[in-house]
Amino acid sequence: MGKTVLVTGGAGFIGTNLVARLLATEGIDQVRVLDDRSAGDHGTLADLTGEPTHPVGNLTDPVGNLTDPVGNLTDSRGSILDPSALAEATDGVDAIVHLAARASVPESVANPVDSHAVNVTGTVRVLEAARQAGNAQVIVASSAALYGADPTLPTPETTPPDPRSPYAATKLATEASTMAWSATYDLPVLPLRFFNVYGPYQPPGHVYAAAIPAFAAAVVEGTPVTVFGDGSQTRDFVYVDDVAWLITRAITHGLTSPVPVNVAAGTRTSLLEIIDRLGQAAGTTVATEFGPPRAGDVQRSQADISRLQALVPSWSPTPLADGLAATLDWMRVHLRGR
Ligand code: NAD
């Protein structure tokens, strides 16, 4: 019997890529999504063909068991804060991937209480539901945002947290609850601190859009790219299908960790370099405009990934050039379809 996996927030950016990979993985029979579409209904789950969305790097077949699409997807529109929707979605699950969150820093600044309710209370409800489901494995999305403005680089997980936004505070609390449920109830958990995830299905067009989709859309449309600040700020960009691969492997191999694990490529790249590389991949010169730096923007970011490498020795991130090319390919199709 294969596993039944619930992905909360599964209709979002990372969720869509993950669901695609889960559906194509032998040993996973049923995939459920619980998502209230509060981040918008991108309709992306309906696009899925049952194959990993855009595997381009070294991790294309590392699990070694991709199969024909199994297609067993149950997509429920509902909130993790709704006890009956959560109970139904978690009934009989073997694993929960908890991605549902208010994922935007500026939104958390505007509506901190809402962010707390979804991200913190929501996580506690999901952990409790995992317990009710007979101690299902729970893989939880945390964020490098909790390292704050100026951590040591590369940043190990042992760095003292320095939450600088309500969002970062919710992720710290998310991790704390996850670790507490592991210690108190022996819940098998895996808290993952994502750095800057990018790739197909990351929406470009909204006010809080992340840098890469905003840049990729501008490159495809031939409009100037807007950079906030001087563009020298660096990020540790990790390709979304690598994250989907990692989570899938954690489920198939039952990987857990009582402490948080950084998820990143372990490199740092400036925004100007990203623009340059996108231009090269598209074969165009990109006009760049500069806006004022955004409040709270971190100048430098790079993960120490030794804990991740110890957990998954075959971790081998997709080269940036390949990930950016796949992102541009997806963006062309996405923008044409609008
Ligand atoms: P996303 O906004 O695309 O996906 C989150 C999904 O959660 C959305 O589809 C939204 O509708 C859903 N959701 C929100 N509130 C909900 C609720 N109450 N009940 C059910 N569903 C709800 O964001 P993403 O980029 O895919 O991020 C996924 C997770 O990873 C989030 O927890 C985010 O904080 C974390 N994360 C992402 C990044 C990144 O670079 N994308 C970095 C660090 C951490």
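Computed from the coordinates by the stated procedures, all read-outs in this text should not be read as laboratory data. Computed from a prediction, not measured in an experiment: that's the story for all the values here. Quick reminder, even Gly has a Cβ in these numbers, built from the backbone with ideal geometry, and neighbours come from all protein chains shown.
Quick look at the values:
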{"item": "Projected-area average for the range 227-278 over all orientations - Cα convex hull basis, square nanometres", "result": "4.8 nm²"}
{"item": "Long-range Cα-Cα pairs in the chain (distance over 39 Å), rounded percent", "result": "7 percent"}
{"item": "Computed over the range 183-316, the ratio Rg/Rh where both radii use C-alpha atoms and Rh is Kirkwood", "result": "1.04"}
{"item": "Cα-based helix-to-principal-axis angle, 271-282 vs the chain, degrees rounded to 10", "result": "80 degrees"}
{"item": "Charge dipole (the chain, unit charges on Cβ, about Cα centre) - positive-most of Ser115, Ala244, Phe290", "result": "Phe290"}
{"item": "Angle in degrees between helix 13-23 and the longest Cα principal axis of the chain, rounded to the nearest 10", "result": "50 degrees"}
{"item": "Counting all C-alpha pairs of the range 100-239, share separated by more than 23 Å (%)", "result": "43 percent"}
{"item": "Amide hydrogen neighbours beyond the local backbone of Arg193, cut-off 5 Å, H modeled", "result": "Ser142, Val261, Asn262, Val263"}
{"item": "Convex hull per residue volume in Å³, alpha carbons only, for the range 105-157", "result": "88 Å³"}
{"item": "From phi via Karplus (6.51, -1.76, 1.60), per-residue ³J(HN,Hα) for the range 125-133 in Hz, x at Gly/Pro", "result": "5, 5, 4, 5, 5, 5, 5, 4, 7"}
{"item": "Acute angle (nearest 10 degrees) that the helix 211-221 long axis makes with the longest principal axis of the chain, alpha-carbon atoms", "result": "50 degrees"}
{"item": "Value at 222 nm in deg cm²/dmol, rounded to 500, when DSSP H runs of n ≥ 4 in the chain each add -39,500 (n - 2.57)", "result": "-10500 deg cm²/dmol"}
{"item": "3J(HN,Hα) from dihedral phi, the range 118-124, Karplus parametrisation 6.51/-1.76/1.60, rounded to Hz, x for glycine, proline", "result": "6, 7, 9, 4, x, 5, 4"}
{"item": "From phi via Karplus (6.51, -1.76, 1.60), per-residue ³J(HN,Hα) for the range 168-174 in Hz, x at Gly/Pro", "result": "4, 5, 5, 6, 4, 5, 4"}
